[in-house]
Amino acid sequence: MAFNLTRRKFLQSASLAAVALPLSKAVASESGIKRSPHESKGSLKEETVVGGICEMCFWRCQLVGKKRDDRLVKIEGNPKSVDNGSSICARGNAGIKLLYDPDRLKYPLKNVGERGNPKWKRISWKEALDECGGKLKAVQDKYGSQSISVFPHGSTAKYPMHFFERTVGTPNVSEASFFQCRGIRDTAYLATIGKAPGEKVDMPNAKVIFLLGGHFGENVHVSHVKSYIKGLQNGAKLVVVDPRYSASAAKSDIWVQIKPGTDTAFLLAIMNYLIKNKKHAEDFIDEYGDGFEEFAAGIKEWTLEKAAKECDVPVAQIKEVADLLAANAPSVSIHPGRHVSWYGNDFQRQRSLACLTGVLGAYYVKGGWVPAIGPKVGKTSWEHKEHEEEHNLNLNSDEELIYPYTPPGTPTELIRDAALTGKPYPIKGCVIWGQNPIQTIPGQEKMKKVLKQMDFVMCVDVMPTDVTMWADILLPEVSYLERYDYIKTGTQWDFAEEHQQYISARMPLAAPMFERKDQVYITNEIAIRMGYEKDIPVKSVEEMVDKNLKVAGLSLAQLKKEEGIHIREGKNPYNIPEDFEVVFYNEDLEDDGFPGVPTYIPVEQPPAGFARLLYGRVPVHTFNRTQNNVWLNKAMPSNPVWLNDELAGKMGLADGDEVGFINQEGVKSRTTTIVKTTPGIRKDSVYMGHGYGSANPLMSVGVNAGVDDTSLITKITVDPETGAHGMRNNFVKFIKDGKVIDIPSAA
Amino acid sequence: MVHTSSTDHIAAIYRFCAQSMQYPDPSWLTNDYFSSLYGLLDALGGDNEKDNLKSTLASAKDYLEDLQVEHTRLFINGMPHVVAPPYGSVYLEKSLQGKYAEDVLVYYRSQGYALSENADLPDNLTHQLEFLSFLAEDKNQKAEEEFLSRFFLPWYTTFSKLVKKESQHPFYHVIISIIDFFTKEEKEYGVQLNEA
């Protein structure tokens, strides 16, 4: 549009006054700019703000912020930290770009279009909360509390999750960190040593570090990597079991290029060899072991030769690993892993790792599995109310647990199946808080159908992730740099150093922008609207943190005085508890219909022309939550697919070729990525970094950048003991220029 | 404020433009507002634009919701993605709160202005227009010209093109064209003081 006169002429015209006078009457008197004649001139105040705790990943490093006026300009590690110290990773640095990402959610939005194809309208918080509270209450009234499902993730999601689980009374909560990540590890170790293992291996003081799939360097948690590197600097030998030449494999003394899915066979053979050759920790097992004889008898079939064949690894190499572990026992760090939902036979593998640690006597000893003794703080949240067990989807008709070793919550597939069948009851309300089930949970189309059939879907997030396209109401949450909440406690990571404990609480490094709100405000307001006002445990997130700190004799004010971190004397972590035991043969497991002795369960192999799709971490991204970060995208804009170089030659593919994928069920990737040819991957597998290829155009940086591996994970396997997912049982062929290319190794 | 001079009239136009970029709300989208807007379009010779806008509004099932959806899509979060966040830093530094935002704030302060308590970010389009309105009211032609050329136009030009290209509702096309008219030619013609 161009008006038919010049500005000069218009301003000189007689009509100016006639036009301008009504304009001034149509304008509100308030303005964002005000006269302030005494305003200080010149450059802005600079300051360092303490109390930050990172959440670019869940490791949560301690931070300080450099500010100019209200603008956060740089994030650094808190120099007082005995955890990450002044170091932070690339993602931690790039937090600024999350804070100020123009694509971030800013105001409550209402979907006036349809789920999956939204049309957003900004609405007031009051309207948004009325809608959320009203619609969830309607679902509850019509179908019962159990009809509300919750998909939470991250530190802000705990408070709302507890509200829905403990107060409203729905058992249907699925945390990705359990069911698509570490839950199997935790319950397998619980069934073996009575404790969830964390990543509590004393790597700085180990003589051998044993990683099964762990790829530190690509997977960066600052103090954990420091601890690993210190161990290597101190002379630890490194064993890495991985089908791929990972960053850790590149530092290893022994790289076991194992056939995917066969890890349990490998571990059983090592243990059988150690026992047969009396290289196991006999005294430790006598004192702390339970069911060792049954265990030894139960794994005796696993000779080195048998495992070598199954795992496609030389006999000599398995023996070499076993001898190395035995020679250095008990100072060996058998790493329990973290993301372990791989093949649907994972509980048995995790039990095997726990048993191997026991066979080597490597609990509570220098270099072994050693849980640090941290300080105690409060856990203020919603109180548990009495709720009937009858709506637990994890109970069969005989009222027995379907997945007896499930992590807390309800296995994801049980919730989704109930939602789709309406049996045993409908699931009609959905609260998604910080989780992105579209890119987290295998079976995207199934997840979409689940969301479609809901009466109401609400999402709370900082970014417009893929799942937010399915929301009716979308609420903008403050980021970790703009809020109080998480209390991080721990100890120094090298137990050879003076024992210290620390307590730090997240404090905002920048004021919240736009209309973003925190989890306590949002949850409480929904609770009021659902009729639970009298149950509200705290009025603000600051009150919650202060209550929790009070248990440790601290407060937010005191922590601020202490540069954000309180440090006190620590305790020696090496004393083994009197009641500690390693349950090698677990009778309860057998009673529940599962193997009492760790057992190898073979997994399906790739059909002809396909390779197994493996995925993992890249150092500059945390799953899919960082994919829209402009700095991190610049550092690694795509997720190249690793392809064995010999195969690439046969397939006519070269480095940099652009390819897409088709899986065993005919599902094609929406986008493409580039080929990375390497001898560092087995011929039966391909590999790509996880967390790319967002389908949501609102993520203007991350949309269609690389390939979304989860979109190709359509075959859903479920671990029988835990109900958690196995996510590496899908197979792909390549597509180049529209033509499907078979992968010849498996042909 | 009582408008008597040409600069006061310009100040009123800047404020009107600033108001028009706020989130659509019945508190200001009144009959008075629309008749003022139509009056301005008449004076500018924008008959076609006026007719087009009028007929779009008249035929809408819910004209307010249409404007709200369009504002959300263009300036907040929208499909396929937010079209044109109204913040200078986004165009100059691909981020909110870039150094540019700080420079704008320092400039406000240098002229004796500050952000109100509930203000948006300093480089928000609305605030820049409000600031220009104050400068016009102050008859501070030098600062007005300097602010337009140093701070406003370097990003606004890109923003304006984007909105005009992507806008699916004539309202924003009209408003952006009016802002164009009163800011873009400023450099060429200079601020017109009342010669009477």
Inset, instruction - Could you compute the FRET efficiency for residue A:392 and residue A:551, with r as their C-beta to C-beta distance and R0 at 30 Å, rounded to 0.05? - result: 0.40
Legend entry - lysines with Cα under 25 Å of residue A:309, excluding same-chain neighbours fewer than 8 positions away: A:259, A:276, A:278, A:279, A:300, A:319, A:683
Inset, instruction - Would you mind computing, in nm to one decimal, how far apart the modelled labels at residue B:106 and residue A:400 are, each placed 7 Å from Cα along Cα→Cβ? - result: 7.4
Legend entry - segment A:611-741: relative contact order as a whole-number percent, Cα under 8 Å and 6+ apart: 34
Legend entry - segment B:9-117: trypsin sites (Lys or Arg not before Pro) in DSSP loop, at most 16 other beta carbons within 10 Å: B:61, B:94
Legend entry - Percent of C-alpha pairs per 10 Å bin, chain B, short to long: 8, 35, 38, 17, 2, 0
Legend entry - Rule-of-thumb Rg ratio for segment A:690-747 [Cα; 2.2 N^0.38 Å; N residues]: 1.46
Inset, instruction - May I ask for log10 I(q)/I(0) of segment A:61-107 at q = 0.28 Å⁻¹, from a Debye sum over the Cα atoms as equal point scatterers with solvent left out? - result: -1.00
Inset, instruction - May I ask you to list the residues of segment A:563-583 whose amide nitrogen lies under 18 Å from a point 7 Å from Cα along the Cα→beta-carbon direction of residue A:294? - result: A:581-583
Legend entry - Amide hydrogen neighbours beyond the local backbone of residue A:342, cut-off 5 Å, H modeled: A:727
Inset, instruction - Report the convex hull volume per residue for segment B:77-165, counting only C-alpha atoms, in Å³. - result: 98
Legend entry - 5 Å-binned pair-distance histogram of segment A:142-290 (Cα, whole percent): 2, 8, 11, 14, 17, 15, 10, 8, 7, 5, 2, 1, 0
Legend entry - Kirkwood-based Rg to Rh ratio, chain A, C-alpha trace: 1.00
Legend entry - Dimensions (Å) - segment A:81-209, Cα atoms, principal axes, largest first: 60, 40, 27
Inset, instruction - Starting from the residue with the highest accessible area, list A:312, A:346 in decreasing order, probe 1.4 Å. - result: A:312, A:346
Legend entry - segment A:551-696: C-alpha gyration tensor shape, a/c 1.5 cut-off, then a/b vs b/c: oblate
Inset, instruction - Let me see the pair-distance distribution of segment A:650-707: every alpha carbon pair, 10 Å bin width, integer percents in order. - result: 20, 48, 28, 5
Inset, instruction - Among A:479, A:369, A:403, flag the residue with its Cα farthest along the positive direction of the charge dipole of the protein assembly as shown, charges on Cβ as +1 for Lys/Arg and -1 for Asp/Glu. - result: A:479
Legend entry - Net length gained if the chain between residue A:535 and residue A:141 were fully extended (0.36 nm per residue, minus Cα distance): 140.0 nm
Inset, instruction - Between residue B:62 and residue B:145, take the C-beta separation as r, use R0 = 41 Å, and let me know the FRET efficiency to the nearest 0.05. - result: 0.45
Inset, instruction - May I have the extent of the alpha carbons of segment A:1-137 along their three principal axes, as whole Å values ordered from largest to smallest? - result: 73, 53, 29
Inset, instruction - Count the net charge of all other residues whose Cβ sits under 12 Å from the Cβ of residue A:142, scoring Lys and Arg as +1 and Asp and Glu as -1. - result: +1
Inset, instruction - Using a cut-off of 11 Å between beta-carbons, work out the net charge of the residues near residue B:120 (Lys and Arg +1, Asp and Glu -1, residue B:120 not included). - result: -2
Inset, instruction - Note the buried accessible area between B and A here, summed over both chains, with a 1.4 Å probe, in Å² to the nearest 100. - result: 6300
Inset, instruction - Please go through segment A:316-383 and write out the trypsin sites (Lys or Arg not before Pro) that DSSP classes as loop and that have at most 16 other C-beta atoms within 10 Å. - result: A:366, A:376, A:379
Inset, instruction - Indicate, rounded to the nearest 5 percent, the antiparallel portion of the DSSP beta bridges found entirely in chain A. - result: 55
Legend entry - Rg ratio (alpha-carbon, reference 2.2 N^0.38 Å) - segment A:611-741: 1.04
Legend entry - Additional length obtainable on full extension of the chain from residue B:47 to residue B:25, 0.36 nm per residue less Cα span: 5.4 nm
Legend entry - Kirkwood Rh and Cα Rg combined as Rg over Rh, evaluated for segment B:1-115: 1.02
Legend entry - At R0 = 25 Å, FRET efficiency that the Cβ-Cβ distance of residue A:511 and residue A:30 yields, to 0.05: 0.80
Inset, instruction - Could you pull out every residue, at least 5 positions away or on a different chain, whose amide H is within less than 5 Å of the one on residue A:256? Hs are placed 1.01 Å off N in the peptide plane, and Pro or chain starts have none. - result: A:240, A:241, A:242
Inset, instruction - Please report the relative contact order for chain B, taking Cα pairs under 8 Å with a sequence separation of at least 6, and give it as a percent rounded to a whole number. - result: 31
Inset, instruction - Using only alpha carbons, build the gyration tensor for segment A:196-370 and give me the equivalent ellipsoid semi-axes, biggest first, whole Å. - result: 23, 19, 15
Legend entry - Per-residue average of Cβ from other chains inside 10 Å of B:104-110: 4
Inset, instruction - Whenever you get a sec, line up B:142, A:9 from highest to lowest accessible area (probe 1.4 Å, protein heavy atoms). - result: B:142, A:9
Legend entry - Distance in nm between pseudo-label sites at residue A:41 and residue A:739 (7 Å out along the Cβ direction from Cα): 7.2
Inset, instruction - Note down the nm distance, to one decimal, between modelled labels 7 Å out along Cα→Cβ at residue A:665 and at residue B:116. - result: 5.5
Inset, instruction - Starting from the residue with the highest accessible area, list A:309, A:110, A:135 in decreasing order, probe 1.4 Å. - result: A:309, A:135, A:110
Inset, instruction - Quick one: compute the contact order of segment A:196-370, relative version, from alpha carbon pairs under 8 angstrom and 6+ residues apart, as a percent. - result: 32
Inset, instruction - At q = 0.14, 0.21 Å⁻¹, work out log10 I(q)/I(0) for segment A:323-417 with the Debye formula, treating every Cα as an identical point scatterer and leaving solvent out; two decimals please. - result: -0.83, -1.07
Legend entry - Rounded to the nearest 10 Å², the accessible area of residue B:89 at probe 1.4 Å: 0
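The values are calculated or read from the model by the stated rules, or taken from the named source; none is laboratory data. Quantities reported herein were computed from a predicted structural model and do not represent experimental measurements. Ideal geometry is used to build each Cβ from the backbone, glycine not excepted, and the neighbour counts take in all protein chains shown. Just the protein is used for accessible areas: all its heavy atoms, side chains included, with ligands, DNA and RNA removed. Shrake-Rupley method; radii C 1.70, N 1.55, O 1.52, S 1.80 Å.
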